[in-house]
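Participant: Please find one structure pasted underneath; my questions will follow.
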Amino acid sequence: MEQASYIISQVINGLQLGAVYALIALGYTMVYGILRLINFAHGDIFMLGAFFAYFLISRFGTPIYLVFFATMAMCALAGYLMEKIAYKPLRNAPKISLLITAVGVSLFLEYFCSLKAIFTPDYIGFPRPFEVSAWNISLGGIDFSFTNVQVIIFAITFFTLALLYLLVYRTKQGTAMRAVSHDQEAAALMGINIDHTVSLTFMVGAALAGVGGILYGIAYPQINVFMGIMPGIKSFIAAVLGGIGIIHGAVIGGLIVGVSEVVVSAFLSSTYRDGVIFVILLIVLLVKPSGLFGKRIDKV
Amino acid sequence: MLEVERLEKSFGGVRAVDGFSFHVDKGETLGIIGPNGAGKTTVFNLITRFYTPDGGRMRFMGKSITHLPPYRLARLGIARTFQNLRLFKDLTVLENITSAHLTGHSYSPFAGIFRTRRHLRIEREARDNAMMLLDFLGLGGKEQAPAGSLPYGEQRRLEIARALAIRPRLLLIDEPGAGMNPREIQDLVATLREVKARFDLTIVMIEHQMGLVMNISDRILVMDFGEKIMEGTPSEVRKDRRVIEAYLGEEPV
Amino acid sequence: MRFFLDSRKLILLAAGIYIVLKLLFSSGIVSEYIQQITIYVFIVVLAATGLNVIYGYTGQFSLGHAAFYGIGAYTSAYLVKTLGLNSVFALPATLLAGGIMAGLIACIIGIPILRLRDDFLGIATLGFGILVRVFFDNSDRISETLGGSRGFTGIAKLTNLEITFVVTVFLLIVTRNIISSRYGLFWRCIKDDETASASIGIDTTRMKLMAFSYGCFLAGVAGALYAHLYTFLHPSNFDFLKSIDFLIIVILGGMGNIAGTIYAGLLWVGFIEGLRIALPSNILDLRWVFIPLLLIVLMMWRPYGLMSKKKGDG
């Protein structure tokens, strides 16, 4: 029984981390779907989100609900500028130069923000806007606990996902996004403005990463300018796991990566947690190369 | 030479090829016709194993080839061309052909690194053979051009030259006349006849251009809905009611 | 020997470069640090050439090249340390061992992953890179010598200008000869059109595996040279960013262009290290702000590499 409660708490911890990954993975998957670009700088938008929130809370004492909206807006602006300045001029260049540019943008954001005059290269504590409290629950003889942090993370993630679904499946802009992702030329012929749609995709993806950044700060209250690198790579792996370009695939992929990472840390060793994700990725890609929810692409 | 028995293939529940059987004899030219979506190209992709058949058996020169990967089939002497042209666009015209020649004429990586006598001889033979093929197909003088820069008709001919460079016994040609005008088609018929005589080939051809296929084939096989609906000499096919209904009726010849 | 066919000019040029470098080194004009960087340029060029074989010539996207560089480095360093081979004369053997180990692991991992394409292969190799990094971080559980996350210390310094020079030039000529042989031709065919390649009888699986293993072999040898140049290895020397470093050099030099890789390697390492020397120490922090900006500008200016004037549309 003790073992069972331990497992359950670890899975809940994993889902908490996974929710953050899912929010980041969504931006990767949407941008990849529309431009076939692995936007390596996306992880840094997540970092920017955490830092924006940090400043809003600690310097200006902004109320938490405003912090969310303001951070999303600022991240969306960062995503918009990133696309317009760095990626748009390369729309017709080989895909690989675009990828290298994305790495360049990523490094630039990290090192630029690490300057003392901007943010700082050091770890700083993220000010939690509330005290952590835990509830103990007993279900069928199995005791486990969860915290208000987890409740908040799950609630906000769920709410954000619901908004995203409404946007993508219930609005004209969402239809345009899906059309461009399906077939860019056909979408252009149908009169869809490709540039606007690409910009919108970057902005939405960046806003989601921004939410991820705040939640990460609340859950693991240490932030740093390089904090986006590993979560970024893992979230991209999560997006590939779920089937790149597929929204619910990114969410499920993120949760899988989060849970396996935490469970492996708890039962084996935290030093193996990055390795296990690759093993899962490899197995999934070999069994189903287009990812868990991906559609099969036939050759010839 | 080639025997195909009860070949089957479905895509997502749709039977593209449904128990299709046929054979080709040595030295014969077989034409396969049928409306769009009848499963003709799928048959080629099954024979050359770019698709895995769901059922059926294939034999080539008495040997079972049902489970061989594409490159082994090429080395046994089955060459093909593609409906949408698949040249090595960034390679030169010459390299497109030498590469095909060199798959059948091997030397070890060490021979390549240290440039042994054998390596140099084989490379020279590949070049000579390629030049011969290029001249034969009227592409002489273009050997250093990137293949992708050739005009469409020449790309078609280059693809045939590349297929010939593996010294095939059986040549599968997928719509060689696509996108060509009647004049070019006439040239193509002449070229194909010459190629066949010179290289002692057996040919299976998928074609839409009735003029071309009737002109060149010894025997014609009509496909519809993944099945063979009839088989006979060009004159028999021309007269058959079912064929006229299924196919020829739509566009008078 | 025909091995050197068409390379007389190259050899002469190389010999000339060697003499100049040797004179500079022994005259004491250049500092120890610059000497080390010069040797490092050769090493980076060698490893990047390996990636060029894999990606530039064969079209297999790899984001995990540094892992194989690391495998070569750890293998050679481990052999030298445990067997006590502290002699320059044993170095060729351990370099070869480092290369073969990298090539062998590439072969094993390549069998399952090389059927993936493009970005999917990229992400799988990236994942493999992370796995290798995890392995290096935990390597002290296998053997204390490997040092785990504290790093591998006390490696004999055996790499010198001569051995680096001879090994790099030799392997570059080997690479050039393979590229111009049927194997290189098949690799380029596969990059252009894999289906058509199979239709003319190219065993695409085997050829891809061969290119991947050979490219990783070169990375392994380069890694081994690196280990005995800097005498200290840390898992973070072989992470994702290092793989990107090699990729940048290949792209800047132009895909499928060995000479380009040499120039780009020289420029890239020269620029990064040059900034370290040129910038006053109070703004040294800005180095990594300038480098990515330069990279972005270069990509916009020459998306097909520094040597190619081609622009746009691709």
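Participant: Using DSSP H assignments, which helices in chain C have an axial alpha-carbon span of 18 Å or above and a mean Kyte-Doolittle hydropathy of -1.0 or higher?
Facilitator: Numbers: long enough: C:8-27 (28 Å, 1.56); C:32-51 (29 Å, 1.49); C:65-83 (27 Å, 0.65); C:91-113 (33 Å, 2.10); C:118-137 (28 Å, 1.25); C:161-180 (28 Å, 1.87); C:204-230 (39 Å, 0.79); C:240-253 (20 Å, 2.19); C:258-278 (29 Å, 1.40); C:287-301 (21 Å, 2.09).
Span-like helices here: C:8-27, C:32-51, C:65-83, C:91-113, C:118-137, C:161-180, C:204-230, C:240-253, C:258-278, C:287-301.
Participant: Quick one: if the Förster radius is 25 Å, what FRET efficiency do A:Phe154 and A:Ala4 give, using the C-beta to C-beta distance and rounding to 0.05?
Facilitator: 0.75
Participant: How are the alpha carbon pair distances in the protein assembly as shown distributed across 20 Å bins from zero to the largest one, expressed in percent?
Facilitator: P(r) over the protein assembly as shown, rounded to whole percents: 13, 40, 34, 12, 1.
Participant: Please compute the Cα-Cα pair-distance distribution of the stretch B:195-250 with 10 Å bins starting at 0, giving whole percents from short to long.
Facilitator: The distribution over the stretch B:195-250 is 21, 55, 18, 6, given as percents.
Participant: Nearest 10 degrees, 0 to 90: what angle lies between the long axis of helix B:182-199 and the longest principal axis of chain B (Cα atoms)?
Facilitator: Here the helix axis deviates by roughly 70 degrees.
Participant: Here's another thing I want to ask about it. How big a patch of accessible area, both sides summed and in Å² to the nearest 100, lies buried between A and C at a 1.4 Å probe? Write down the numbers at each step before the final one.
Facilitator: On the way: alone 14770 and 15570 Å², together 26600 Å².
Chains A and C together bury approximately 3700 Å².
Participant: Kindly state, as a whole number, the per residue volume in cubic angstrom of the convex hull around the alpha carbon atoms of the stretch A:2-287.
Facilitator: Numbers: hull volume 40.9 nm³, N = 286.
Spread over its residues, the Cα hull of the stretch A:2-287 gives 143 Å³ apiece.
Participant: What's the whole-number percent of alpha carbon pairs in the stretch C:32-301 lying beyond 32 angstrom?
Facilitator: Details: 7655 of 36315 pairs.
Considering the stretch C:32-301, 21 percent of its Cα-Cα pairs are separated by more than 32 Å.
Participant: Still on this structure: Compute accessible area for the stretch A:105-132 by itself and then with all protein chains, 1.4 Å probe, and report residues whose area falls by 40 Å² or more.
Facilitator: A:Leu107, A:Phe108, A:Tyr111, A:Leu115
Participant: Return the aspartates and glutamates within reach of A:Lys84: Cα separation strictly under 17 angstrom, same-chain partners fewer than 8 residues apart disregarded; answer none if there are no such residues.
Facilitator: Filter leaves A:Asp44, A:Asp195.
Participant: Which number comes out as Rg/Rh for the stretch B:95-221 once both Rg and the Kirkwood Rh are worked out on C-alpha atoms? Please list the in-between numbers first.
Facilitator: On the way: Rg = 16.4 Å, Rh = 15.9 Å.
Ratio of gyration radius to Kirkwood radius: 1.03.
Participant: For the pairs B:Lys89/C:Lys191; B:Lys89/C:Lys9; B:Lys89/B:Lys142; A:Lys172/A:Lys288; B:Lys63/C:Lys208; B:Lys40/B:Lys63, note any where the Cα-Cα span goes beyond 21 Å. Present the calculation step by step, with values, prior to reporting the outcome.
Facilitator: Numbers: B:Lys89/C:Lys191 10 Å; B:Lys89/C:Lys9 31 Å; B:Lys89/B:Lys142 14 Å; A:Lys172/A:Lys288 32 Å; B:Lys63/C:Lys208 28 Å; B:Lys40/B:Lys63 23 Å.
Over 21 Å Cα-Cα: B:Lys89/C:Lys9; A:Lys172/A:Lys288; B:Lys63/C:Lys208; B:Lys40/B:Lys63.
Participant: Mind checking which of C:Val169, C:Val132, C:Val297 has the largest fluctuation in a GNM of chain C, springs on alpha carbons under 10 Å?
Facilitator: Most flexible of the set in this elastic network: C:Val297.
Participant: Between C:Leu225, C:Leu131, C:Leu114, where does the largest GNM mean-square fluctuation fall for chain C, given springs only between Cα atoms within less than 10 Å?
Facilitator: Looking only at C:Leu225, C:Leu131, C:Leu114, the largest GNM fluctuation is found for C:Leu131.
Participant: Kindly provide the Kirkwood hydrodynamic radius of the stretch C:146-269 in Å, to one decimal, from all pairs of distinct alpha carbon atoms.
Facilitator: Values: mean 1/r = 0.0604 Å⁻¹.
It works out to 16.6 Å.
Participant: If you take the beta carbon distance between B:Phe110 and C:Phe232 as r and set R0 to 35 Å, what does 1/(1 + (r/R0)^6) give as a FRET efficiency, to the nearest 0.05? Can you show the working numbers first?
Facilitator: On the way: r = 36 Å, r/R0 = 1.04.
It comes out at approximately 0.45.
Participant: Now a separate question. Per residue, what volume in Å³ does the Cα convex hull of chain B take up? List each step's numbers first, then the result.
Facilitator: Details: hull volume 34.5 nm³, N = 253.
In chain B, the Cα convex hull volume per residue is 137 Å³.
Participant: Quick check for me: using +1 on Lys/Arg Cβ and -1 on Asp/Glu Cβ, what's the dipole size of the protein assembly as shown about its Cα centre, in debye to the nearest 20?
Facilitator: 1480
Participant: May I pose another question? Using 11 Å as the cut-off for backbone N distance, which residues of the stretch A:76-90 belong to the label zone defined by a point 7 Å from the Cα of C:Leu275 along Cα→Cβ?
Facilitator: From the stretch A:76-90, the list is empty.
Participant: To the nearest 20 Debye, how big is the dipole of the stretch B:120-253 about its Cα centre, given +1 on the beta carbon of each Lys and Arg and -1 on that of each Asp and Glu? Write down the numbers at each step before the final one.
Facilitator: Details: 19 positive and 23 negative charges, 88 e Å.
Here the stretch B:120-253 has a charge dipole of around 420 debye.
Participant: Quote the FRET efficiency, to the nearest 0.05, computed for C:Ile108 versus C:Val30 with a Förster distance R0 of 45 Å and r equal to the Cβ-Cβ distance. Kindly include the intermediate steps, with their values, before the conclusion.
Facilitator: Values: r = 42 Å, r/R0 = 0.94.
Approximately 0.60, to the nearest 0.05.
Participant: Kyte-Doolittle mean at least 1.6 and Cα extent at least 18 Å along the axis: which DSSP H helices of chain A qualify?
Facilitator: Details: long enough: A:2-35 (49 Å, 1.08); A:42-58 (24 Å, 1.39); A:64-82 (27 Å, 1.97); A:95-114 (29 Å, 1.51); A:148-170 (32 Å, 1.81); A:194-219 (37 Å, 1.43); A:229-242 (20 Å, 1.62); A:247-267 (30 Å, 1.86); A:273-287 (22 Å, 2.66).
Once both thresholds are applied, what remains is A:64-82, A:148-170, A:229-242, A:247-267, A:273-287.
Participant: Taking the alpha-carbon distance from A:Lys295 and a cut-off under 19 Å, which aspartates and glutamates remain once sequence neighbours fewer than 8 residues away in the same chain are dropped?
Facilitator: Partners found: A:Asp183, C:Asp118, C:Asp119.
Participant: Leaving out ligands and nucleic acids, and using a 1.4 Å probe, what accessible area per residue does the stretch C:172-302 come to in Å²? It would help to have the intermediate numbers written out before the result.
Facilitator: Details: 4100 Å² over 131 residues.
I get 31 Å² per residue for this part.
Participant: Then there is this: Points 7 angstrom from Cα along the Cβ direction at C:Ile283 and A:Tyr80: gap in nanometres?
Facilitator: About 3.2 nm, to one decimal.
Participant: Mind checking the per residue accessible area of the stretch B:89-165 for me, 1.4 Å probe, whole number of Å²?
Facilitator: Working: 3130 Å² over 77 residues.
The answer is 41 Å² per residue.
Participant: Right, something else. Mind pulling the per residue volume of the convex hull built on the Cα atoms of the stretch C:1-158? Å³ is fine. If you can, show how the numbers build up before the last one.
Facilitator: Working: hull volume 25.4 nm³, N = 158.
Measuring per residue, one finds 161 Å³ for the Cα hull of the stretch C:1-158.
Participant: Tell me the carbon and sulfur percent of the accessible area for the stretch C:32-301, rounded to whole percent, probe radius 1.4 Å.
Facilitator: Details: 5960 of 8900 Å².
Here it works out to 67 percent.
Participant: Oh, and also: When you count, for each residue, the other Cβ atoms within 10 Å and take the mean per peptide, how do A:249-257, C:85-93, C:172-180, C:257-265 rank with the highest first?
Facilitator: On the way: A:249-257: 27.1, C:85-93: 14.6, C:172-180: 19.8, C:257-265: 21.9.
With the highest mean Cβ count within 10 Å placed first, the list reads A:249-257, C:257-265, C:172-180, C:85-93.
Participant: Using a Gaussian network model of chain A with C-alpha springs under 10 Å, which one of A:Lys88, A:Lys116, A:Lys234 is most mobile by mean-square fluctuation?
Facilitator: It is A:Lys116.
Participant: B plus C alone minus the pair: what accessible area, both sides summed, probe 1.4 Å, in Å² to 100?
Facilitator: In total, chains B and C hide about 2800 Å² from solvent.
Participant: So which aspartates and glutamates pass the test for B:Lys9, namely a Cα distance under 16 Å, with those fewer than 8 places away in the same chain ruled out?
Facilitator: Hits, sequence-local ones excluded: A:Asp298, B:Asp18, B:Asp54, B:Asp224, B:Glu227.
The values are calculated or read from the model by the stated rules, or taken from the named source; none is laboratory data. Predicted, not measured: the structure shown is a model, and the values here were computed from it. In this analysis, Cβ positions are derived from the backbone assuming ideal geometry, glycine residues included, and neighbour counts consider all displayed protein chains. Remember, those area values only see protein heavy atoms, side chains included, never the ligands or the DNA or RNA. Shrake-Rupley method; radii C 1.70, N 1.55, O 1.52, S 1.80 Å.
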